[in-house]
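The values are calculated or read from the model by the stated rules, or taken from the named source; none is laboratory data. If you're wondering where the values come from, they're calculated on a predicted model, not measured in any experiment. When we count neighbours, we look across all protein chains shown, and the Cβ atoms used for this are built from the backbone with ideal geometry, even at glycine. In case anyone asks, the SASA skips ligands and DNA or RNA and just uses the protein heavy atoms, side chains included. Shrake-Rupley method; radii C 1.70, N 1.55, O 1.52, S 1.80 Å.
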Amino acid sequence: MTDPTPETTRPAAVKVALLGAGNVGAEVARILLEHGEDLAARVGAPIELAGIAVRDLTARRTVDLPERLLTTDAEALVDAADVVIELTGGIEPARSRILRALRAGKPVISGNKALIARHGRQLQDAADAAGVTLSYEAAVAGAIPIVRPMHDSLAGDRVDRVLGIMNGTTNYILDQMDTTGAAFGDALAEAQHLGYAEADPTADVEGHDAAAKAAILASLAFHSTFTIDDVYCRGITGVTAEDVTAARDAGYVIKLLAICERTAGGVNLRVVPTMIPRDHPLAGVHGAYNAVFVEAANAGSLMFYGAGAGGAPTASAVLGDFVSAARRLVLGGPAQGAEPHAQLPAVPMDDVRTSFSITLLVQDRLGVLARIAQVFADHGVSIYTMQQKDHPSGAPDLAEIRLVTHRGANKDLVATVDELRELPFVEEVTGVIRVEHSD
């Protein structure tokens, strides 16, 4: 007679260590405390919030949290927990604490985009070695479910391109400039007043936040390892109200896009202000919302849209990861990480084929257009559209020329702009913005 199969040993309760009690962390704590029974029913075991690690026990928080749960000893909290949720941000000590948890066989949920974009491979390797999950849905686009679809739903397809509005602050600013005619500085001030932008908005407006998210998504989409250092990044501080108006007049809208696309040599990753046609699905993403547009060989075009930031929306993504990790912990079974089997190289920006919108302030005299056209021809760049109008100041001897090119090698387009700057009759190259269009 054979022995009966032993039942899986289930924990009496899943003990959760929460690292960080900022806007997102405080919301996660609130939901765990207020809706613990509902979450427990989904997990299959009671849930116990073991503690919340913070830097300052007396700091004011967006949610009233029980003082008994607050601690400054994050390492002891990690050691006592079954599952760790890391929402502190930054590289250290977050990296060391996550590695401590993973190496002890504890699943980790993180919303730390900067850390995942720089050390994600090291952390995933540690998770794989321990047979536990490392989850980071909240690191990319707030409440939008995009990490798991990339990892699971599209695993049997070939993703060719990902375009994303992945930063709510910059989208709000550009949307205000487009819909109200606001200048960049005024739109930024309004974003700060509404809480969309930090007092120091550098990470947002310079594109660094979106670049971290691009590296994470590209690693999943193309089954390779990319870091933020592989992302060509340009922010929106140089985008003027005149650029936005001219784009609108031409049937375009300017968005800060994260673009990750296959090329002949690998994958190019870039975050750049980009003109897109107003009938493109991403053109209709307004305010502080995010959206990710995916082009796959078999699934075709897919768009994921929703709140890209905020305490409660991002907490939703964190807790989705938590329920999945805790359920696996309760039921047993090995975790499966994202294996970078393709290992496609990052393609430098010089080799990418793209399109430019170029605005020139020139002397309005005979032969100027012919000489400008010759510069484009010398670099093998073809002009898609061209418009000339009087200079806004009304100066009779000056004209504004705006050209949109056909697709060409980025290095040839840059060389063209550099030579245009040196022409004696070009007073100024007032704007250069990349364009997404079919030609």
Does the range 124-147 hold any residues that are open to solvent by 20 Å² or more (accessible area, probe 1.4 Å) and within 15 Å of the chain's Cα centre (by Cα), and which are they?
-> Y136, A143, P145
Output the residue which, of all residues in the range 285-300 that are at pLDDT below 95 and among the small types (G, A, S), is surrounded by the most Cβ atoms within 10 Å (Cβ to Cβ).
-> A288
Going through the range 401-415 in order, the residues found to be open to solvent by less than 50 Å² (accessible area, probe 1.4 Å) and touching a Phe, Trp or Tyr at 6+ places or on another chain (Cβ under 6 Å) are V404, T405, L413
Kindly indicate whether R353 is surrounded by fewer than 17 Cβ atoms within 10 Å (Cβ to Cβ), within 20 Å of C233 (Cα to Cα) and among the basic types (K, R).
-> yes
Quick one: which of R55, R97, R121, R103 is open to solvent by 60 Å² or more (accessible area, probe 1.4 Å) and either in contact with a Gly (Cβ under 6 Å, 6 or more places away or on another chain) or in contact (Cβ under 8 Å) with a residue 40 or more places away in the chain (or both)?
-> R121
Within the range 196-230, the residues that are in a helix (DSSP H, G or I) and more than 17 Å from G308 (Cβ to Cβ) are T202, A218, S219, L220, A221, I228, D229, D230
Scanning the range 70-94 residue by residue, the ones that are within 26 Å of A309 (Cα to Cα), surrounded by fewer than 18 Cβ atoms within 10 Å (Cβ to Cβ) and in contact (Cβ under 8 Å) with a residue 12 or more places away in the chain total 4
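Let's see how each residue does on (1) open to solvent by 20 Å² or more (accessible area, probe 1.4 Å); (2) within 25 Å of H391 (Cβ to Cβ); (3) within 20 Å of the chain's Cα centre (by Cα):
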position: D230; (1), (2), (3): yes, no, yes
position: A247; (1), (2), (3): no, yes, no
position: I254; (1), (2), (3): no, yes, yes
position: I259; (1), (2), (3): no, no, yes
position: R262; (1), (2), (3): yes, no, yes
position: T274; (1), (2), (3): no, no, yes
